[in-house]
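A short write-up of the structure that comes next.
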Amino acid sequence: MGKYDKFFALAKEAGLEQVELSIYESHNINISLFHGEVDEYKDNNGYSILARGILNGKCGAAACDVWNKDKAAWLVKEIVANAKVIENDDPIFIFKGSEKYHKINTFNKELENVSIDEKMKNLYFLEKTCKEIDPRIAEVAGTEFNQTSEKVTLINSNGLNLVQRSNYFTYVVQCVAKQGEQTKSGYDFFLDNDFSKFNAEEFAKKVVKLTVDQLGGEPCETNKYKAVLHPDVVTSLLRAYIGHADAEEVQKKSSLFIDKVGQKIASSKVTIEDKPLTKNVFARWFDDEGVATYNKPIIKNGVLQTYLYNLTTAAKDGVQTTGNGFGGGSKRGIGTAFVSLKPGKKSLEELFKMVGNGVFITDVSGLHAGLNRQSGNFSLQSTGFMIENGKKGKPLDLITVGGNLLDVFKDIVEVGNDVTVSPSGVSAESVLIKKIAVSGK
């Protein structure tokens, strides 16, 4: 008898028409170093179950973080009680399965065999090396190693049984630089599931440079400037931008992409793809509803190709789901595993030459408060550098950039080739835009 068979038997007895279990198992290692001492060491196993069931056309849900002989009965009871109070009439599905799945392996067995000593050796080396590279580094404020191994299992009463395993690790370093009365902090991360790819010395040099390069910054004159946006900035804006392709937001009339499929909404240089089958740590070959995922353009050469659907929103529009049902409870949300802005051919230096004189915006903050989702207007605290005579110039500090989300992507003149993958599952590059409003002095 299978581990979860009792749940399915009890669900049937309770009159539930269809049921589903989503099981999430994880193993996490977290180690942090401060001033040469380990200040945190965690080695934890995670386990959670989300159970869903349909009763009289309504979907109830319940969750737990342990499994024993009593949990099956408790979950069934909670699902029934939950379904009876649901008033939403949206169509709900327990999926029968896709015709074909393109399985992709994202679990690296070799990572699991790397010793803790070797992982910690890098931490000590990073802290020591960052201090030695530049005398302006006053402190290494934090050095961390994190490793996660995950297993996602989806089984339901329609016979669906899907399992995907993945693992990855990160190193994160934060430095503090001081020059005169000015203090600046900078950090960077490295993420992969191949431990052999990590070069601690090169990573230390990168973090130090990111930190000390900010010293001496001051506001520029308030004006509109030609601009290059750093991949980190593009990533932040891209996530907000692509959220408007969420079919649920479109159906609720809260999207800026309403009635825009097939229309040009961005520069011809812009191609944004949903690529869950890319072989990296973010890959997912089925979504949280059990639907097979596939790679697809969301925007191609500036033209909106599709909205992103789960089973419920697809049924409402009379179309097929795009395999983007992620997260949520009884009602799944819409999300992406991995989004990619298609890179261009220009290097960052070539983008600077194209600008001549302008600004290079390397960081923005306050996106949640500083972006009006309904209009797309934003005003964000920022840092960066002047671009002078086609080269990166003096650092900028205490500035605010403002504009409109739709206009930023319409105004892209070139996309760079400096591909940067963020921990949020976005691959982006530097972009050159026609202009951006900068408030300084």
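Every number in this text was worked out from the coordinates using simple rules, so none of it is lab data. Nothing here was measured: the structure is a model prediction, and the numbers come from that model. Virtual Cβ from ideal backbone geometry, glycine too; neighbours counted across all protein chains shown.
In whole angstrom, how far apart do the alpha carbon centroids of region 32-90 and region 333-362 sit? Each part's Cα centre sits 39 Å from the other's.
Calculate the length of the line joining the C-alpha centroid of region 208-225 to that of region 116-162, in whole Å. Region 208-225 and region 116-162 have Cα centres spaced 30 Å from each other.
Under the rule a/c < 1.5 gives rounded, and otherwise a/b versus b/c splits prolate from oblate, where does region 5-210 land using the Cα gyration tensor? Present the calculation step by step, with values, prior to reporting the outcome.
Values: a/c = 3.03, a/b = 2.58, b/c = 1.17.
Because a/c hits 1.5 or more and a/b exceeds b/c, region 5-210 counts as prolate.
Taking a ≥ b ≥ c as the square roots of the eigenvalues of the alpha-carbon gyration tensor, region 1-122 is classed prolate because a/c is 1.5 or more and a/b outweighs b/c. Structural descriptor for region 151-235: relative contact order 23 percent, calculated from alpha carbon pairs under 8 angstrom and at least 6 residues apart.
Anisotropy class assigned to region 300-400 is prolate, per the alpha carbon gyration tensor with a/c at or over the 1.5 cut-off and a/b larger than b/c. Subtracting the Cα-Cα distance of D65 and V413 from 0.36 nm times their residue separation leaves 120.3 nm of extension gain. Each of L111, V408, V140 was placed along the dipole of the chain (beta-carbon charges, centred on the mean Cα), and the one lying farthest toward the positive end is V408. Short to long, the 10 Å bins of the Cα pair-distance histogram for region 137-240 hold 11, 26, 30, 17, 10, 5, 1 percent of all pairs.
For the chain, adding -39500 (n - 2.57) for each run of n ≥ 4 DSSP H residues and dividing by the number of residues yields -6500 deg cm²/dmol at 222 nm. In µm²/s, what is D for region 369-441 at 37 °C and 0.692 mPa s, where D = kT/(6 pi eta Rh) by Stokes-Einstein and Rh is the Kirkwood radius from Cα pairs? This corresponds to a translational diffusion coefficient of 235 µm²/s.
Rounded to the nearest 0.05, the FRET efficiency derived from the C-beta distance between K316 and N295 at R0 = 25 Å is 0.55.
Between M354 and S375, what FRET efficiency follows from the Cβ-Cβ distance if R0 is 30 Å, with the result rounded to 0.05? Each step should come with its number before you reach the end.
Numbers: r = 30 Å, r/R0 = 0.99.
Efficiency at R0 = 30 Å is approximately 0.50.
What residue among P91, P276, P297 has the largest mean-square fluctuation in a Gaussian network model of the chain, using Cα springs under 10 Å? Comparing P91, P276, P297 in a Gaussian network model of the chain, the most mobile one is P91. Against the set (i) 190; (ii) 147; (iii) 162, the structure's computed volume of the Cα convex hull per residue in Å³ falls on (iii).
As a proxy for reagent exposure, S347, S255 were ordered by neighbouring Cβ count within 10 angstrom, fewest first; the result is S347, S255. By the rule of a C-alpha distance below 20 Å, with chain neighbours fewer than 8 residues away ignored, the lysines paired with K3 are K12, K69, K71, K77, K151. Among K391, K69, K264, which one moves the most in a GNM of the chain with springs linking Cα atoms closer than 10 Å? Among K391, K69, K264, the largest GNM mean-square fluctuation belongs to K69. In order along region 57-69, phi translates into HN-Hα couplings of x, 10, 9, x, 9, 7, 9, 8, 10, 9, 10, 8, 5 Hz, rounded to whole numbers, per the Karplus curve 6.51 cos²θ - 1.76 cosθ + 1.60 with θ = phi - 60° and x for Gly and Pro. Along the Cα-to-C-beta direction of E218, a point sits 7 Å from the Cα; which residues of region 170-191 have their amide N less than 19 Å from that point? Counting only backbone N, you get 178-184.
Among the listed pairs K184/K224; K184/K435; K353/K410; K109/K197; K224/K434, a Cα-Cα separation exceeding 19 Å is found for K184/K224; K184/K435; K353/K410.
Taking label positions 7 Å along the Cα-Cβ direction at both T183 and H368, the computed distance is 2.5 nm, reported to one decimal. According to the Cα-based calculation, Rg over Rh for region 246-336 is 0.97, with Rh computed by the Kirkwood formula. Among I155, I104, the order by Cβ neighbours within 10 angstrom, fewest to most, reads I104, I155. Put a dot 7 Å past the Cα of E112, heading toward its Cβ, do the same for K96, and the two dots end up 3.6 nm apart.
Which residue, A337, A428, A63, has the most motion in a Gaussian network model of the chain that connects Cα atoms within less than 10 Å? Of A337, A428, A63, the most mobile in the Gaussian network model is A63. Arranged from fewest to most other beta-carbon atoms within 10 Å of their beta carbon, C175, C64 become C64, C175. Charge dipole of the chain (Cα centre as origin; +1 on each Lys and Arg Cβ, -1 on each Asp and Glu Cβ, all else neutral): 1200 debye, rounded to the nearest 20. Comparing Cα centroids, region 245-303 and region 368-432 end up 21 angstrom apart. Relative contact order of the chain: 15 percent, from C-alpha pairs under 8 Å at least 6 residues apart in sequence. One chain, two ends: A240 and A73. Fully extended at 0.36 nm per residue, the span grows by 56.0 nm beyond their Cα-Cα distance.
Label zone of E388 (point 7 Å out along Cα→Cβ, amide N under 17 Å): in region 352-370 this covers 352-353, 355-361. Between K197 and A437, the distance separating the two model label sites (each 7 Å from Cα on the Cα→Cβ line) works out to 4.1 nm.
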